[in-house]
Amino acid sequence: MNNISYDLIETDLQCEAFENLLNCSFPVKKNTSFFDDFPIWKGNHHFPLFKVGAFDKGQLVSCAAIVLRELKIGYSRVKVAVIGAVATDSNYRGQGLASHCVQFLQKYADDHQVGVIFLWGSEHGMYNKLGFDLCGLQFRVPLNKALNPEKSYIKDENWNDQIIELMKSRKSGFEIGIGNEQWLQSHKNVNWWVAKKEETVCGFIAFDRGIDLQNIVHEWGGDPDAIAFLLNELSQIRLESQIIGNREELESLQISLSQGIEEYICMAQVLDPGPLVSAISKGEKKIEIQKQGDQWIFKLADQELRIDPFHLSQIIFGPTSYKELKDTPLPFSLWAWGLDAG
């Protein structure tokens with residue numbers, strides 16, 4: 001530990017070591033790359049990206065990265081961050097190196113006025129100690145029941161540039177902006193299907209991703225009937241296929257949740273609840289927020305609620321609900337699309 005130093009991952013050699021460490025730390029197939037499934041962590045996709053590493057005499061032995069995004073909340077956009085690409089060399093695990101890397105990223109997010117940090121990871125105990133909590137609810141539903149679309153479409157099993165506009169029109173998830181086409185098309189193991197009328201794309205779905213989303217539909221958009229057509233087509237050739245989404249997104253497709261498995265969406269740490277709650281409660285019951293010592297004070301018309309920072313993510317994104325907030329729009333129905341997760 002005495003020889004460990006922390007620094008940015010910037011040079012070509014450091015970036016190569018970063019990719020190699022990730023390839024060794026995750027179930028990446030031979031002759032493929034972690035970046036085939038998570039190209040956002042490679043960079044050059046118009047997202048502000050910050051990578052930090054722990055080095056032992058110049059050798060990269062642990063790493064983590066953070067990217068800045070914008071979360072859609074109604075017509076508002078709130079600056080958020082996603083942490084990912086967290087890994088440690090097997091010979092250096094158990095020394096807290098990854099935790100230190102994540103702490104550098106938490107400070108980076110705070111310095112950049114980020115409202116909340118999201119992450120998707122299995123080391124819940126480690127992230128709990130760093131202030132992250134599981135939050136939000138999603139359903140994983142088998143596509144074993146015909147959705148009976150009303151119309152027929154032409155199915156094309158390829159990426160189509162018209163998908164971008166349909167993604168931009170979605171009401172939930174992270175903002176899709178200029179230059180993101182390259183990032184989306186860089187997901188080498190994602191299958192894109194579109195439903196067309198003549199040359200117009202009416203709807204799309206995306207499914208699969210090598211490491212973590214096999215046989216799962218994790219992106220869709222466009223006309224609900226066109227989406228139903230594609231889901232019905234997929235269910236007939238892949239009996240084991242599933243779809244993931246929050247209650248609102250799935251019910252908008254008239255998908256029954258009765259056979260679904262309910263689970264948390266992600267882990268999150270809310271750094272500043274003010275912009276989030278302001279965007280969520282716009283035009284509804286006003287909640288004033290102040291920080292007092294280590295606690296946040298939610299002030300309503302006739303009462304106030306004192307909240308420990310650790311519990312903010314579940315209060316804002318669910319599933320925790322307080323009786324004091326029953327007449328407010330909290331918790332907000334969070335959703336992040338599959339590729340939003342890094």
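Of all DSSP-defined beta bridges confined to region 4-134, some 85% are antiparallel rather than parallel.
Projecting the Cα positions of Leu330, His100, Gln295 onto the charge dipole of the chain (unit charges on Cβ atoms of Lys, Arg, Asp and Glu, taken about the Cα centre) puts Gln295 furthest along the positive direction. Near Trp159, once Lys and Arg are set to +1 and Asp and Glu to -1 for all other residues with Cβ below 12 Å from its Cβ, the sum equals -4.
Nothing charged except the Cβ atoms of Lys and Arg (+1) and of Asp and Glu (-1): what's the magnitude of the dipole of the chain about its Cα centre? Round to the nearest 20 debye. Mind showing how you got there, number by number?
Working: 33 positive and 45 negative charges, 76 e Å.
Dipole of the chain, to the nearest 20 debye: 360 debye.
Please give the calculated 222 nm ellipticity per residue for the chain, where each DSSP H segment of at least 4 residues contributes -39500 (n - 2.57) and the sum is spread over every residue; nearest 500 deg cm²/dmol? If you can, show how the numbers build up before the last one.
Working: 9 runs with 80 residues, N = 342.
It lands at -6500 deg cm²/dmol.
Positive-end ranking of Leu213, Leu253, Pro273 along the dipole of region 199-274, with charges on Cβ about the Cα centre, is headed by Leu213. Counting neighbouring beta carbons within 10 Å and listing from fewest to most, the residues Phe104, Phe34 come out as Phe104, Phe34. Summary of the geometry: region 76-153 and region 254-300, compared by the centres of their Cα atoms, lie 16 Å apart.
Amide H contacts under 5 Å for Gln242: Leu143, Ile216, Val217, restricted to partners 5 or more places along the chain or on a different chain, H placed in the peptide plane at 1.01 Å from N. Each residue of region 304-316 was assigned a 3J(HN,Hα) from its phi angle through the Karplus expression (A = 6.51, B = -1.76, C = 1.60, θ = phi - 60°), giving 9, 10, 9, 10, 6, x, 4, 8, 4, 4, 6, 5, 7 Hz with x at Gly and Pro. Using Cβ point charges alone (K and R +1, D and E -1), the dipole size of region 42-142 about the Cα centre works out to roughly 240 debye.
For region 288-293, backbone phi angles converted through the Karplus equation (6.51, -1.76, 1.60; θ = phi - 60°) give residue-by-residue couplings of 8, 10, 9, 9, 9, x Hz, Gly and Pro being listed as x. Subtracting the Cα-Cα distance of Ser252 and Glu324 from 0.36 nm times their residue separation leaves 23.0 nm of extension gain.
Please state the shape class of the chain: rounded when a/c is under 1.5, otherwise prolate if a/b exceeds b/c and oblate if not, all from the C-alpha gyration tensor. Walk me through the numbers before you get to the answer.
Values: a/c = 1.92, a/b = 1.12, b/c = 1.71.
It comes out oblate by the Cα gyration axes.
As a test of the definition: which semi-axes, in Å, follow for region 4-134 when you take the square root of five times each eigenvalue of its alpha carbon gyration tensor? Largest first, please. Could you put the intermediate results ahead of the total?
Working: eigenvalues 114, 59, 42 Å².
Computed over region 4-134, the values are 24, 17, 15 Å.
Counting charges near Phe207 (Lys, Arg +1; Asp, Glu -1) among other residues having Cβ under 12 Å from its Cβ returns a value of -3.
What shape does region 1-65 have by the C-alpha gyration tensor, where a ≥ b ≥ c are the square roots of the eigenvalues, rounded means a/c under 1.5, and otherwise prolate means a/b greater than b/c and oblate the rest? Intermediate results must be reported in sequence, preceding the final value.
On the way: a/c = 2.33, a/b = 1.34, b/c = 1.74.
It comes out oblate by the Cα gyration axes.
Legend: ranking of residues Arg306, Arg170, Arg77 from fewest to most surrounding C-beta atoms inside 10 Å; resulting order Arg306, Arg77, Arg170.
With a/c under 1.5 counting as rounded, go ahead and sort region 195-259 into rounded, prolate or oblate using the C-alpha gyration tensor (a ≥ b ≥ c being the square roots of the eigenvalues; past the cut-off, prolate if a/b is larger than b/c, else oblate). Before the final figure, lay out the partial values.
On the way: a/c = 1.68, a/b = 1.24, b/c = 1.35.
Oblate, because a/c is 1.5 or more while a/b does not exceed b/c.
Taking other C-beta atoms within 10 Å as the exposure proxy, Leu60, Leu13, Leu253 rank Leu13, Leu253, Leu60 from fewest upward. Working from label points 7 Å from Cα in the Cα-to-Cβ sense, the Glu16 to Gln295 distance is 5.5 nm. Within region 45-65, whose backbone N sits under 14 Å from a point 7 Å along Cα→Cβ of Ile178? Those under the cut-off are 46-47. Note on Lys151/Gln95: beta-carbon distance plugged into 1/(1 + (r/R0)^6) with R0 of 51 Å gives a FRET efficiency of 0.30. Summing Lys and Arg as +1 and Asp and Glu as -1 over all other residues whose Cβ lies under 14 Å from the Cβ of Gln254 gives a net charge of -4.
Selection among Leu22, Thr88, Tyr75 by position relative to the dipole of region 4-134 gives Tyr75 as farthest towards the positive end (Cβ unit charges, Cα centre).
No value in this document is a laboratory result; all are computed from the given coordinates. Please read all numbers here as calculations on a predicted model, not as lab measurements. So basically every Cβ, Gly included, is an ideal-geometry build from the backbone, and we count neighbours across all protein chains shown.
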